[in-house]
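One structure is given below, encoded as structure tokens.
A short reminder: the numbers here are calculations on the coordinates, not readings from a lab. Just so it is clear, the structure is predicted and the values come from calculations on it, not from any experiment. All Cβ positions, even for glycine, are placed from backbone atoms using ideal geometry, and neighbour counts span all protein chains on display.
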Amino acid sequence: MSVLAVDVGTTMIKSVVFDDRGKETAVSRQATAVHRPCPGRAEQDMNAVWDAVAATVRSVLSESADPVRMLAFTAQGDGAWLVDGDGRPTGPAVLWSDGRAGGIVRRWRDEGVLDEAFRRNGSLTCTGMPNAILTWFALHDPDRLKRSRSVLTAAGWLFLRLTGIAAADASDASAPFLDHTTGDYDPAVLDLFGLAALRGLLPEVLGERECLAHLTTEAAGLLGLPAGLPVVMAPYDIAATARGVGVIDPGQACGILGTTLCTEIVRESVDTTGAPCGVTIAGHGNGNVLRAFPTLNGVEVLDWAARTLGLPGPPELAQLAFRSPPTGHGPMFLPYLSPAGERAPFLDPRARGTFWGLSLEHTRADLARAVFDGLSLALRDSLAASGADATELRLCGGGANSDAWCQLIADVTGVPTARSRDTELGAKGAFLTARVLSGDQPDLRSAVAASVRMRDRWEPDPARARLYADVYEDFLRWRSLAHDAGWQPRTTARPTTPALPPFPRQAPPVDAVPGGTRA
């Protein structure tokens, strides 16, 4: 018998049937819309998301003859999916990429609240987290809070529709409120953000072994599944994806090249030292935690670049980009295009993207190349912020379908990259979680050993790695200059502008770079 796994992404919902060996036997996908009713906002119709889940489940079941014995799911994290006492949405879901609370987060930053909260749980608040969104509602739409009974995430919303239970798993609860020592919400963190009065909106936090319930009769009828079917709420998507690609032991790392460009490292314990950045996610098996740097800028930047350069999409952008050799002659691209700014590995709601060092000599291919370089350098930035010494970076997400980009990331980071045999890694992580909770496997390590296989591997090219090590230093200086300027309080004088990096760098001879040619 099979396991049905559902991955509720931000822009795509996928339902996948896995056999007991973990092989994908059927897949159904449906796009979902992100609404931007005004600048800085990102919302979704909660009922439309549920309808898309139901449609993909019915579709994938029609393609599979093997009976399903369990349903497991993962979903996008953060945001605020508010429901009333009857479990009905009180308005659209506010997503993790929403930026309406930028002013609130800046105030918390200036007052030291963000730093103090990070020192308690290892997670840095951004505009799309529930504490920021709830504070915005309290200031600008208190009526919606009065009409709401629970603030859920996308996974909590799906669990409610499937089982009738309003709850959160430890991964979704981790940022910003979780106390990692108790597994429950930290009253001190709630007080820090002035949200103690709204504690009643937060759903019960379920331990990893408690995220198992049963399908209601109503949901079963809509999905075409038997009532009472076991339902597993797996960790939210970035954590489930790490599991799906086999990153479960301390020191292992992965990079998700998706809507978020997320770099993740497994750690044995919570680390609250150093500069506040990223999030710490509980419940990664064997007492480990996942240190994650989910950016606000990912493959949507490729979509933007393709449109801007008049190309059909990212595949054509990649074809154009990799005609331009990595000579270090520029231009350089800062990929911070999200209206909500950036959240990892630094937090700045006002961060914006730009090209540096343009000249009449540069071509469309050079611009396309700069976009891929900029995203890859941002990934290296997160890897450096993790403080871990990764020996391999397992890549997944839609962007990992590009062999050239996988090689580029190896060159930029200086770390070998690898790609899984599977295509739907979030769903695969949900499947592995279900195998453990059902008792089919004794633990996550055993489940991974039985079902996860890597397919491709890229080694860093030594010459290109040296080239990008220099480019990365320039990238950091330009990024820091823009970030530091953007974060200065308006009431204080600007600091003296630091010396600009020597950019564009003098291009080395083409034959100094392997494969370097010019048309």
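When the Cα centres of region 113-135 and region 277-341 are compared, how far apart do they sit, in Å? Going from one Cα centre to the other spans 23 Å. Counting other Cβ atoms within 10 Å as a rough exposure proxy, the listed residues 466, 343 run 466, 343 from fewest neighbours to most. Dividing the convex hull volume of the alpha-carbon atoms in the chain by its residue count gives 141 Å³ per residue.
Select from the chain the helices, each a whole stretch of DSSP H, whose alpha-carbon atoms run 24 Å or more along the helix axis and whose Kyte-Doolittle mean is at least -1.0; answer none if there are none.
46-63, 364-386, 462-486
With the highest mean first, a sort of the peptides 221-228, 406-413 on other beta-carbon atoms found within 10 angstrom per residue produces 406-413, 221-228.
Distance from the Cα centroid of region 436-484 to that of region 142-174 is 32 Å (rounded to whole angstrom). Pop the C-beta distance of residue 69 and residue 35 into the FRET formula with R0 = 30 Å and round what comes out to the nearest 0.05. Efficiency at R0 = 30 Å is approximately 0.25.
Near residue 41, once Lys and Arg are set to +1 and Asp and Glu to -1 for all other residues with Cβ below 10 Å from its Cβ, the sum equals 0. Summing Cβ point charges (Lys, Arg +1; Asp, Glu -1) relative to the Cα centre of region 144-271 gives a dipole of roughly 660 debye.
For region 383-425, compute Rh as the Kirkwood radius over C-alpha pairs and then the Stokes-Einstein diffusion coefficient at 37 °C and 0.692 mPa s; write the answer in µm²/s, rounded to an integer. Diffusion coefficient, whole number: 298 µm²/s. A simple count of charges around residue 182, restricted to other residues whose Cβ falls under 14 Å of its Cβ and scoring Lys, Arg +1 and Asp, Glu -1, yields -3.
Taking 0.36 nm per residue of separation and subtracting the current Cα-Cα distance, fully stretching the chain between residue 110 and residue 443 would add 115.5 nm. Summary of packing: across the peptides 182-188, 210-216, 277-283, 163-169, the per-residue average of other C-beta atoms within 10 Å ranks them, highest first, as 277-283, 163-169, 210-216, 182-188. Rg ratio for region 297-432: its Cα radius of gyration over 2.2 N^0.38 Å, N being its residue count, equals 1.08. Exposure proxy shown here: for 454, 233, 46, the number of other Cβ atoms within 10 Å sets the order, fewest to most, as 454, 46, 233.
Here r is the Cβ-Cβ distance between residue 401 and residue 191 and R0 is 45 Å; the resulting FRET efficiency, rounded to 0.05, is 0.50. Our coupling estimate for region 79-95, obtained by passing each phi through the Karplus curve with A = 6.51, B = -1.76, C = 1.60 and θ = phi - 60°, is x, 9, 10, 8, 10, 8, x, 9, x, 9, x, 9, x, x, 5, 9, 8 Hz, Gly and Pro reported as x.
The gain in end-to-end length when the residue 273 to residue 217 segment is fully stretched comes to 15.3 nm, 0.36 nm per residue minus the alpha carbon separation. Label zone of residue 147 (point 7 Å out along Cα→Cβ, amide N under 16 Å): in region 90-125 this covers 90-94. Normalised by the number of residues in the chain, the average gap of Cα pairs under 8 Å and 6 or more apart makes the relative contact order 15 percent.
Express the C-alpha Rg of region 28-176 as a ratio against the empirical globular expectation 2.2 N^0.38 Å, rounded to two decimals.
Working it through for region 28-176, the quotient is 1.15.
Working ranking of peptides 349-362, 121-134 by packing, defined as the average number of other Cβ atoms within 10 Å per residue, highest first, is 121-134, 349-362. For residue 75, enumerate residues with amide H under 5 Å from its amide H, sequence gap 5+ or separate chain, H modeled in the peptide plane. Long-range HN contacts for residue 75: 8, 237.
Counted by Cβ distance under 14 Å from residue 147, the other residues give a net charge of 0, where Lys and Arg count +1 and Asp and Glu count -1.
Between region 377-419 and region 48-92, what's the alpha-carbon centroid distance in Å? If you average the Cα positions of each part, the centres end up 31 Å apart.
Bridges between two residues of the chain, per DSSP, are antiparallel at a rate of about 70%. Taking the charge dipole of the chain about its Cα centre, with +1 at Lys and Arg Cβ atoms and -1 at Asp and Glu Cβ atoms, the residue from 105, 219, 371 reaching farthest to the positive side is 371.
Distance between the 7 Å Cα→Cβ label points at residue 138 and residue 423: 4.6 nm.
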